[in-house]
Amino acid sequence: MTTHRFVPTEWHNVLGTLPPALTVASGDTVITDTLDASGHDKDGVQRRPGPNPMNGPIFIEGAAPGDALKVEIVRMTPNRATGWTRSSLAGNVVDPESVRELPSRDAANWAIDRQAGTAQLNPPVKGLEHFVLPLEPMIGCFGVAPGLGQAFSTATSAENGGNMDYRGFGPGATVWFPIAVEGALFFLGDCHAVQGDGEIVGTGIETSYEVEVRLTLEKARNLVWPRGENAEDIFSVGNARPLDQALQHATTDMLNWLTTDYGLSKTAASHLMGQVVRYDVGNVYDPAYTMVCRIAKKWLPGR
């Protein structure tokens, strides 16, 4: 297994079938510095306009449609002392009559203390003078190229992943993406220091990170939607709009996962899911919303 230090020279605002920037073997590790959502690097230099410029694509040798790409998020290390957010809730997450009363959506700066592992508004606003958050790093946008020659904007998400903004995509998590093109063509970027569920101001604390991922090919998995797991849970991800359709995709994928990999009948899986499922909200700001269907591993039968 090889570790690659990937230093991009160009970035992309789509996930699509583009010339590979790096070729790796299954099981290899990639370490790379990401840009923030507006295209600024670790030194604050804008390398590419937003939204969410991606590092990549990374070509995985032997990957073919029907396979799955296993992405282990090994490490996320902040490499900048600043981040930014918007200053107001997004108009689509409040009642319509409240939209006109929302404050300006100006950018707000945050100070990131990398030694303490915290973030704080800089300058703080009244009432939040002592509002200090522990860093909870996560990848906002990543995935593989979609099929049929398509290219999806990094402002949205679909079966191939994309801008899902799910807080569970942090260090220690493993994520599987359904592969639709030769080589998979993996993209990565848009890291957040902290983010609440839903990304309801339209951003997390946007900053740059040094990210370490391990990329492993799993043949003939025939996945439809992204899946993931961490030490405590397994989870299925649905990306769509309206929100109930995203929930349906995630729930259906979990049902299929329990019946194919865990040997449960649909009746048994329904009983299990009906009582122990937990739903998490990913992005509810962008064109496609993200819902996550999650089950604690302690409830699962042996594979």
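Some notes on this structure:
- In region 230-252, the residues that are among the charged types (D, E, K, R), touching a helix residue (DSSP H, G or I) at 6+ places or on another chain (Cβ under 9 Å) and either assigned by TED's automatic domain parsing to the domain that holds Ala173 or not in a strand (DSSP E or B) (or both): Glu232
- Residue under evaluation Lys266, criteria (1) touching a Ser or Thr at 6+ places or on another chain (Cβ under 9 Å); (2) among the basic types (Lys, Arg); (3) within 24 Å of Ile139 (Cβ to Cβ), criterion not met: (3)
- On the stretch given as region 7-24, residues that are among the small types (Gly, Ala, Ser) and within 17 Å of the chain's Cα centre (by Cα) total 1.
- Residues being touching a residue at least 60 places away in the same chain (Cβ under 8 Å), under 18 Å from Gly44 (Cα atoms) and aliphatic (A, V, I, L, M) - total across region 92-130: 2
- Any hit, region 25-43, residues being in a strand (DSSP E or B), of a type outside the set (S, T, N, Q), over 19 Å from the mean Cα position of the chain (by Cα) and farther than 26 Å from Thr203 by Cβ: yes
- Selection status of Gly91, surrounded by fewer than 19 Cβ atoms within 10 Å (Cβ to Cβ) and under 25 Å from Gly39 (Cβ atoms): yes
- All positions within region 141-155 that are among the polar types (S, T, N, Q) and crowded, with 22+ Cβ neighbours inside 10 Å: Thr154
- Only strands (runs of 3 or more DSSP E) whose full extent lies in region 124-216 are considered here, and the ones with at least 1 residues that are under 20 Å from Val281 (Cα atoms) are 138-144, 161-163, 174-178, 186-192.
- Picking from residues in region 24-41 that are over 18 Å from Phe142 (Cβ atoms) and of a type outside the set (A, V, I, L, M, F, W, C), the one that is surrounded by the most Cβ atoms within 10 Å (Cβ to Cβ) is His40.
- Of residues in region 204-215 being within 18 Å of Phe131 (Cβ to Cβ) and in contact with a Phe, Trp or Tyr (Cβ under 7 Å, 6 or more places away or on another chain), the one surrounded by the fewest Cβ atoms within 10 Å (Cβ to Cβ): Ile205
- First in region 150-174 and without any contact (Cβ under 8 Å) to a residue 12 or more places away in the chain, second anywhere and of a type in the set (A, V, I, L, M, F, W, C) and not in a loop (DSSP other than H, G, I, E, B), Cβ under 8 Å, 6 or more apart: none
- So Thr85, is it among the polar types (S, T, N, Q), more than 19 Å from Glu210 (Cα to Cα), under 20 Å from the mean Cα position of the chain (by Cα) and buried (at least 18 other Cβ atoms within 10 Å of the Cβ): yes
- Check on Gly196, free of Cβ contacts under 8 Å to residues at least 40 places away in the same chain, within 17 Å of Trp84 (Cα to Cα), touching a Gly at 6+ places or on another chain (Cβ under 9 Å) and not basic (Lys, Arg): yes
- Within region 131-145, residues that are within 28 Å of Val224 (Cα to Cα) have Cβ atoms under 7 Å from residues that are among the aromatic types (Phe, Trp, Tyr) and crowded, with 24+ Cβ neighbours inside 10 Å in these pairs: Pro137/Tyr209; Met138/Phe169; Ile139/Phe169; Phe142/Phe187; Gly143/Phe177; Gly143/Phe187; Val144/Phe177; Val144/Phe186, counting only partners at least 6 apart in sequence or on another chain.
The values are calculated or read from the model by the stated rules, or taken from the named source; none is laboratory data. Remember, predicted model here, so these are calculated numbers, not experimental data. Every residue, glycine as well, gets a Cβ built from its backbone with ideal geometry; the counts of neighbours run over all protein chains shown.
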